[in-house]
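The structure appears below as structure tokens.
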Amino acid sequence: MRVNGELLALSFLGTSFMDIIEAIDEENKLVKFKVIGGDILEEYKSFSFTVHVETKGENNLVTWILDYEKKNANVSNPHTYMKFILNMSKDIGTYHLN
């Protein structure tokens, strides 16, 4: 596993955030990101996500893991972000199938 440290600035669903690539594990097809700034940290103390690709024959299974800590009990779970990731993954799959 190697650490990239590359800074990424993203914006979606009216929320902006900056994250860094914490680790890349090419052998296990895994990338870990950590949010270090932006609107998303107004509600969450910490927010990170991991993407892992498992290949079986010609099939690829993509798993996203969101790891977050809410600032307080009134903050909702990040369902909007999960829906965005699901839709993005479907779009990527459709692109690769065509």
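The values are calculated or read from the model by the stated rules, or taken from the named source; none is laboratory data. Every value quoted in this text rests on a predicted model; they were computed, and no experiment measured them. Because the Cβ atoms are built from the backbone with ideal geometry, glycine has one as well, and the counts that use them run over all protein chains shown.
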Report whether or not SER48 is of a type in the set (Gly, Ala, Ser) and modelled with pLDDT of 90 or more.
yes
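Residue under question is ASN28, and the condition is that it be more than 15 Å from the chain's Cα centre (by Cα) and surrounded by 10 or more Cβ atoms within 10 Å (Cβ to Cβ); does it hold?
Numbers: more than 15 Å from the chain's Cα centre (by Cα): yes; surrounded by 10 or more Cβ atoms within 10 Å (Cβ to Cβ): yes.
Criteria met by ASN28.
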Within region 1-20, residues within 17 Å of ILE85 (Cα to Cα), modelled with pLDDT of 70 or more and surrounded by 13 or more Cβ atoms within 10 Å (Cβ to Cβ) come out as THR15, SER16, PHE17, MET18, ASP19
Can you give me the number of residues within region 65-91 that are in contact with a helix residue (DSSP H, G or I) (Cβ under 9 Å, 6 or more places away or on another chain), modelled with pLDDT under 90 and either among the β-branched types (Val, Ile, Thr) or assigned to a strand (DSSP E or B) (or both)?
0
Given the conditions (1) over 14 Å from the mean Cα position of the chain (by Cα); (2) in contact (Cβ under 8 Å) with a residue 40 or more places away in the chain, which single one is not true for SER76?
(2)
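Could you tell me whether any residue of region 57-64 is closer than 22 Å to GLY14 by Cβ, modelled with pLDDT of 80 or more and exposed (fewer than 15 other Cβ atoms within 10 Å of the Cβ)?
Taking region 57-64 as the starting set, the residues that turn out to be closer than 22 Å to GLY14 by Cβ are 64.
Now drop any that are not modelled with pLDDT of 80 or more, which leaves 64.
Next cut, exposed (fewer than 15 other Cβ atoms within 10 Å of the Cβ) only: 64.
Yes - at least one qualifying residue is present in region 57-64.
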